[in-house]
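The values are calculated or read from the model by the stated rules, or taken from the named source; none is laboratory data. As the structure is a computational prediction, the values presented were derived from the model and not from experiment. Cβ coordinates were reconstructed from backbone atoms using ideal geometry, including for glycine residues, and neighbour counts include every protein chain displayed.
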Amino acid sequence: MREGIRFLVVILLFTGLCAAQARPFPSGDVQQIYQRLLSQIDKIQAFDHHAHPGYADDPDVDAMAAPPNASEALRTRDDNPELAAAAKALFGYPYNDLSPEHAKWLLNKKAELKKQLSGTAYFNSILDKINIESSVANRAMMPDYLDAKRFPWVFFADSFMWPFNNERETGRNPDEGVFIPLQEKMLHRWMQQVNVTKLPASFADYLSFISRVLEDNSRRGGIAMKFEVAYFRPMSFSDPTSSQAEDIYRRFITGGIPTEKEYRTFQDYIFRYLVQEGGRLHLPVHIHTAIGIGDYFNLSQSNIMSLESVLRDPRYASTTFVMIHGGYPLEREAIWLAAMKNVYLDSSFGELAQYPSEFKHTLKMWLETFPDKITFGTDCFPYNQVLGAEESYWLGAYSSRIALAAALAEMVSEGEITESRALELAHAYLHDTAVKLYNGRVH
Ligand SMILES: [Zn+2]
C-alpha cells in the first residue's frame, strides 16, 4: 500500500515536471488548442494602437501621401482577393473578386449605409463589426465623422523640424517632392491653430510655439505625438547644444538654405526637444520604425536600432516610446529595445505585409521575450474609393487574431505556458498594455 502511494507520488511529480518542460515541437493537440484559444480571442474587445481611419477622399487621413507609382508588396496590393473576403464579412459582398462591375455593388452598399448611419455612427459600426472597442486615429486632423470617444487622435510632430527653405530637401528625389511640401503645409496649419502668422525671430520663441501647439493638441483630445521622420531623413540623431541649434535657427529663419549638415543638426535638437516635451506633457511618442511606402525609402538609414541611443538615454526616462510597426523587418532585434521600461512595440502593418503563417512567428518571438511590452494595431488605411479603411481594418484585425491564437497555441502545446496564461497574454496584447499607457484617457 505504502509502496503504491509512493509510486503514485512519483508519477504525479513526473507528469508535473513534464508539463512545465518546454519542448521543441508542438504536440498533436495544437489544432484543438488553437481553436479553443481563437474562440476566446475573438471575444476580446481590442484597442487598435495604430490606424488611419477615414474616407479615401479625405486628405487628412495622414500628414503625408503615397508617392505615385510606388511598388507594393504582394499582400498590400489592392487586387489582394482577401479584400473581397473582407467586404463579404463586413457588408455581405456577394462576389469573390473586385472587378469594376462587381465593385459598383460595394460602392452602392457603402453609400446606402452611410446614409442610414449618419454622423459618427458609420465608422463606429465598423469597429463594432470587428470587435474593436476603440482605435487610434493617426491623422493630420480629426474629421467630424469620427467619434472622438472611440477614435482618440494621435497627431504628427515632424513638421516642426522643417521651418526653413526646403528647396534642397524637396529636390532630393521624387518621393520627397511629395512629402516635404505636405510637411510645410502641416507646419502652417499648426501656426494657424495657435494664431501665429509668422515664425518668430527668436529661437526661444520658436520652442515655446512648439510647446503651445503640443499643449493645444492635448486639450483637443490628442493622446500622443507621432513621428514618420524616417520618410524624410536618416533616423540617427546627434546631440547638439541649444546654442548650436539657436545659431542655425537665427541664420536661416528669415531666408537662405542651410547646408544639409546644418539642417540635420537643427532637426536633431528639435527632435530631442519634442521627446522631452512628450515626457513633461504625458504625450507618448510614437515613431514609425519599419520599411515605408515609396521606392526611395532608405532602409539602412531608417534602421530602428539607430534610435537606441535616444531610447536608452536616462534623460528621457519619463517619456513613453511606442515603436510603431515594431521595426519590421528587424523585429527580432527591436524586441530587445523593449527591455527599457518606457519602450513599447506595436505590431501594426506586420500583419498586413506578411501572411498570418509568417506574422505568427513575429508574435511568438515577441511573446516569448517581453510579452508585457507589445501592442496590437492594424495600420488600416483607405486603399481607394472602393476598398476603404473598413476592409483594411477587417483584414488587420482578422490576421492579428488568428496569428495570435496560432502563436499562443504553439507555446501552450510546446509546454511553455498554460492555456490560462495564454489568454492573459492575449488580453494584454490586444487591449490592456496599450490602454494603460494613456492614464485613463482611452479605454
Ligand atoms: Zn501608419
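Quick notes on this structure:
- Residue in the stretch 272-282 that is within 17 Å of M64 (Cβ to Cβ) and buried (at least 19 other Cβ atoms within 10 Å of the Cβ) present: no
- The set of residues in the stretch 226-241 being among the acidic types (D, E) and either away from the ligand (no atom under 16 Å from the Cβ) or over 27 Å from G177 (Cα atoms) (or both) consists of D239 alone.
- Residue within the stretch 424-440 that is among the hydrophobic types (A, V, I, L, M, F, W, C), within 16 Å of the ligand (Cβ to nearest atom) and part of a helix (DSSP H, G or I) present: yes
Condition check ((1) buried (at least 21 other Cβ atoms within 10 Å of the Cβ); (2) over 22 Å from A89 (Cα atoms); (3) modelled with pLDDT under 95; (4) in contact with a strand residue (DSSP E or B) (Cβ under 6 Å, 6 or more places away or on another chain)) across all residues:
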| site | (1), (2), (3), (4) |
| --- | --- |
| L106 | yes, no, no, no |
| E112 | no, no, no, no |
| K115 | no, no, no, no |
| I126 | yes, no, no, no |
| I130 | yes, no, no, no |
| V136 | yes, yes, no, yes |
| F155 | yes, yes, no, yes |
| D158 | yes, yes, no, yes |
| E169 | yes, yes, no, no |
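- Those helices (runs of 4 or more DSSP H) lying entirely in the stretch 242-354 with at least 2 residues away from the ligand (no atom under 16 Å from the Cβ) and of a type in the set (A, V, I, L, M): 242-252, 260-280, 308-311
- Single residue of the stretch 355-378 satisfying the filter (surrounded by fewer than 24 Cβ atoms within 10 Å (Cβ to Cβ) and part of a loop (DSSP other than H, G, I, E, B)) that is farthest from the ligand (Cβ to nearest atom): E368
- Members of the stretch 46-76 found to be acidic (D, E) and either surrounded by 23 or more Cβ atoms within 10 Å (Cβ to Cβ) or more than 16 Å from the ligand (Cβ to nearest atom) (or both), listed by number: D48, D57
- Residue tally, condition more than 13 Å from F209 (Cα to Cα) and either touching a residue at least 40 places away in the same chain (Cβ under 8 Å) or among the charged types (D, E, K, R) (or both), over the stretch 178-198: 8
- All positions within the stretch 379-416 that are within 16 Å of the ligand (Cβ to nearest atom), in a loop (DSSP other than H, G, I, E, B) and farther than 16 Å from L430 by Cα: F381, P382, Y383, G388
- With respect to the conditions (1) surrounded by fewer than 19 Cβ atoms within 10 Å (Cβ to Cβ); (2) within 17 Å of the chain's Cα centre (by Cα), E414 lacks only one, and its number is (2).
- In the stretch 42-57, the residues that are closer than 12 Å to S392 by Cα form Cβ pairs under 6 Å with partners that are in a strand (DSSP E or B), at six or more places apart or across chains, as follows: A51/S135; H52/N138; P53/A137.
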